[in-house]
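Shown next, in structure tokens, is the structure this report addresses.
Derivation of every value follows stated rules applied to the coordinates shown; laboratory data play no part. Just so you know, these numbers come straight off a predicted model, no measurement behind them. Using ideal geometry, Cβ is built from the backbone for each residue, glycine included, and neighbour counts are taken over all protein chains shown.
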Amino acid sequence: MRAEDQNRAVAEVVSRVVGSVTKGGSQSLERALAETIYHERKRIERGSSSRSRAKQLSAWDRRRSQLVRGSDTVRRRVLEDLVTRFTREVLGNFDPKVHAMATRAVPFGLSALLHASSPQQLLHRFPQLGLDDRIEVNGAVDHARALQDKGTLVCVPTHSSNLDSIVLGYGMHEQGFPPLLYGAGLNLFKNPLVGYFMRNLGAYTVDRRKTAPIYKQVLKEYAGVALEFGYHSLFFPGGTRSRSGEIETKLKLGLLGTTIPAFANSLALKRPKPRLFVVPMVLSYELVLEAETLIDDHLQAEGKARYIITDDEFSSPLRVFQFMRGILELDARIYLTLLPPRDPFGNPVDEEGRSVDASGREIDISRYLCAAGGEPADDPHRDQEYTRELGQHLVADYLRGNTVFPTHLVAFSAFSALEEMHPQRDLYRLLRSGAEDESLLFGDLARRCDGVREQLLQLEAAGRVRLSRRVRSLDGGDLVVHALRSWGTYHTRPALSRRGDRIDATDRNLLLYYRNRLTGYGLGRREPCKQT
Amino acid sequence: MQADVAVLGGGSWGTILAHLAAHNGQRTALWMRNPQACETLNATHTNPRYLGETPLAEGITATTELGEAVRGTPVVIFCVPSKASRAVARQAGEFLTGDQVVLSATKGLEPESFHTVTELLRAETCALKIGAISGPNLAKEIVRGQPSATVVASRFHEVIVRATEALHSSLFRIYGQDDLRGVELAGALKNVIAIACGAAAGLGFGHNVRAMLVTRGLAEIQRLGVKLGADPLTFSGLAGVGDLLVTCGSELSRNFRVGRGVAQGKTLAQVVEELGEVAEGVNTTHVALALASREEVAMPITEAVKDLLDGKVAAQEILQDLMGRAARYEIDFDYTAEVSA
């Protein structure tokens with residue numbers, strides 16, 4: 001966020017959060033403070049042991065005693081302090097010490113790149129990495145570009161890798177879009193390369209270890225205020241990276257839900273460009289950097305998305321380097337597909353920024369904020385339903401915008417062959433087993449791939465999915481060969497490996513991960529393949 | 001005059017809904033296609049074609065102009081046959097705005113797309129505050145002043161509140177629900193079972209057969225509904241079992257009469273001709289089977305109804321086939337499991 005807007009934003013966020021707490025009276029104020037102190041103490045206790053921990057804890061204890069003894073005026077002041085601190089932290093808390101340490105650990109080639117003195121310079125030098133022609137931005141790019149001056153863009157991509165931010169930052173920059181405001185988890189800053197991009201993306205920090213409800217409210221209000229100020233923004237509506245490899249079907253509607261109040265406030269305040277345009281985006285990778293960790297996490301039934309991965313392939317610069325080298329060697333592409341923008345209520349928007357219905361008639365979206373036959377009415381429950389509706393459209397858009405690579409197609413075909421071999425086994429047994437006599441015949445797998453490819457070509461013709469050029473042009477056998485090579489160049493253990501005319505499922509978890517990307521299209525019979 | 005409520009469709013159920021709203025003191029517009037019926041209703045407050053000489057509430061104004069009924073009216077109720085719903089929705093979309101509450105009172109599914117009527121309304125108009133009305137409501141009983149209850153389903157609280165304001169009275173109780181999908185599916189699918197019950201009556205069977213068809217029929221439509229995202233409990237409510245009880249035993253139910261007529265040896269075309277009204281169950285039978293095959297759900301009674309309506313197999317034989325199926329467990333966690341030693 002630009003410096004001149006920061007103080008205004010902080011004041012706005014603080015007044016909204018404090019206002020909403022104190023609206024509930026003395027009891028609500030007390031509860032909010034007690035909760036925050038509880039959650040913050042817990043967080044500090046969980047953290048690494050140090051002298052600062054004792055100091056921090058005693059600071060919270062002081063606040064607690066203030067809270068117990070103080071009047072409502074004192075409590076309100078404590079709350080204001082807290083919220084202000086949280087807000088300032090969110091706006092810009094970049095720890096240079098962490099950054100410097102991580103930079104030293106980067107291998108030479110990358111670190112030379114990283115020592116570019118500014119993000120601008122870095123972007124300029126990015127092509128030297130060779131990734132520039134690997135990222136292909138396609139879909140409704142012109143449509144979104146036409147809207148950037150008519151209102152505020154809310155970009156909502158799928159999320160499968162921490163590299164998403166780099167790809168997005170670079171891809172959107174190349175297409176001439178302005179930087180996007182983005183809430184990035186602290187763990188992302190562990191990787192210095194991404195750290196730079198984060199800042200260029202206009203990142204603010206999200207500390208997932210902070211669990212106090214007030215902190216979450218600050219994040220949400222800040223996102224909303226930024227939208228009202230006209231900052232083009234980026235949210236990942238899936239919340240975290242897809243663990244299973246599937247395209248997200250369950251969206252977190254919290255941040256997405258800030259769009260309607262932002263629109264309503266801008267309308268009420270008669271701001272010049274009150275409209276918001278939600279741009280669905282799909283990032284498609286032939287190989288996913290963190291595939292191994294993600295699918296393991298998915299399969300650990302206990303952990304799921306609650307478990308925060310702090311150390312994965314992404315925090316190892318070497319793995320990132322290997323991954324990028326893999327992408328280069330394979331002549332693989334990363335697709336960033338933009339789908340036609342929608343308004344916050346889910347309706348399509350034309351290039352003039354007008355919301356339209358199925359017959360192309362313009363919709364006056366301000367009427368959605370009114371009671372039936374009446375005046376504007378504040379109704380959070382109603383707005384939540386609108387957002388849910390928008391979410392359903394996004395899920396359908398994601399399926400349409402997804403690009404299928406050979407790795408997905410071959411994994412899908414091989415996995416369904418394994419399932420048919422053992423119809424009685426549940427998913428876990430299927431993943432555990434792997435005797436030699438369970439290998440597939442190369443020719444069988446190739447034929448199966450041809451069948452799936454045929455179905456995919458039909459889906460593509462109906463506009464329900466996108467295919468990479470290799471999936472479009474190669475036959476089943478070549479697809480298998482290519483997929484094997486792709487996995488082999490990067491993953492520690494490839495999902496499939498070849499022994500003469502036989503194919504072994506070497507890493508079934510990985511196979512499941514890549515297979516899951518084709519969930520939701522009604523391919524084959526047994527789907528979706530979930531652990532429940 | 002700006003209406004409070006608009007009802008689109010001047011068949012028996014649409015006319016009754018308009019009557020109930022007007023009875024509640026709402027200024028009610030009723031959109032009808034037929035200019036003569038429209039004129040008659042405004043002049044005499046009757047709808048002779050569907051409801052005989054029964055007098056209707058005076059607050060109803062009939063019109064053949066869709067825009068006049070829809071424009072600016074806070075609550076709009078669609079009550080046209082499912083086959084015509086999309087076209088009417090598209091036309092009405094010209095006049096609708098996002099604040100308006102829109103309800104569907106049609107118990108059917110669109111033949112080609114398998115969409116429920118509210119899905120059509122969403123697809124063809126800008127309306128978002130959408131809901132459905134469904135329940136055991138025989139028009140001819142309500143118009144005689146007999147009490148009745150129904151479900152209004154919507155994810156939007158405002159829709160339930162506005163529909164209740166418009167329609168709830170000592171004659172007509174409204175229950176709110178948020179399982180819109182379940183309510184629409186229950187209302188549509190139960191018509192198929194009504195045809196089966198009509199056929200059983202036509203063959204001269206008594207209460208045992210009817211009870212069997214109703215409960216086992218409910219089990220199969222619930223099974224399909226749940227696959228399609230409905231809450232199973234909805235099928236035990238007014239829109240499910242409530243509506244089944246009425247349509248499966250009443251001479252006043254169109255779908256029941258279709259089943260009875262065909263079982264007695266008439267052709268489907270003859271029966272529909274005699275009825276003079278749309279029986280949604282005929283179309284729903286085909287949609288239900290297509291959905292059942294897609295979702296891999298067993299629906300033996302629905303299949304039997306299809307055979308019956310096709311007229312290729314005698315009714316008696318169809319029933320024998322149903323009875324000849326293997327024994328199964330009633331609460332079917334796994335429907336394919338047969339009882340065997």
Take every residue in peptide A:356-366, count the Cβ atoms of other chains within 10 Å of its Cβ, and give the average of those counts.
5
Exceeding the 19 Å Cα-Cα cut-off - candidates A:Lys150/B:Lys129; B:Lys107/B:Lys190; A:Lys216/B:Lys129:
A:Lys150/B:Lys129; A:Lys216/B:Lys129
Please list the three semi-axes, largest first and in whole Å, of the ellipsoid equivalent to the stretch A:3-91, using sqrt of 5 times the eigenvalues of its alpha carbon gyration tensor.
23, 19, 10
Which of B:Thr247, A:Thr492, A:Thr519, B:Thr64 has the fewest other C-beta atoms within 10 Å, and how do the rest follow up to the most?
A:Thr492, B:Thr64, A:Thr519, B:Thr247
Can you tell me the alpha carbon radius of gyration of the stretch B:183-341 divided by the globular rule-of-thumb value 2.2 N^0.38 Å?
0.97
When N counts the residues of the stretch B:46-141, how does its alpha-carbon radius of gyration compare numerically with 2.2 N^0.38 Å, as a ratio?
1.14
Virtual spin-label span in nm between A:Ser497 and B:Arg49, 7 Å along Cα→Cβ:
7.6 nm
So if R0 is 35 Å, what FRET efficiency would B:Glu296 and A:Glu80 give, r being the distance between their Cβ atoms, rounded to the nearest 0.05?
0.05
Looking only at Cβ-Cβ distances, which cysteines of chain B have no other cysteine closer than 4.7 Å?
B:Cys38, B:Cys79, B:Cys126
Would you kindly state how much longer the chain becomes between B:Ser236 and B:Glu65 on full extension, computed as 0.36 nm times their sequence separation minus their alpha carbon distance, in nm to one decimal?
57.6 nm
Extension gain (nm, one decimal) between A:Tyr38 and A:Glu454, 0.36 nm per residue minus Cα-Cα
144.1 nm
Take the alpha carbon atoms of the protein assembly as shown, find their radius of gyration, then divide it by 2.2 N^0.38 Å using N residues; give the quotient.
1.07
If R₀ is 25 angstrom, what is the calculated FRET efficiency for the pair A:Ser65 and A:Asn7, using the beta carbon separation as r and rounding to 0.05?
0.20
Extension gain A:Asn138-A:Ser359, at 0.36 nm per residue separation less the Cα-Cα distance, in nm?
77.0 nm
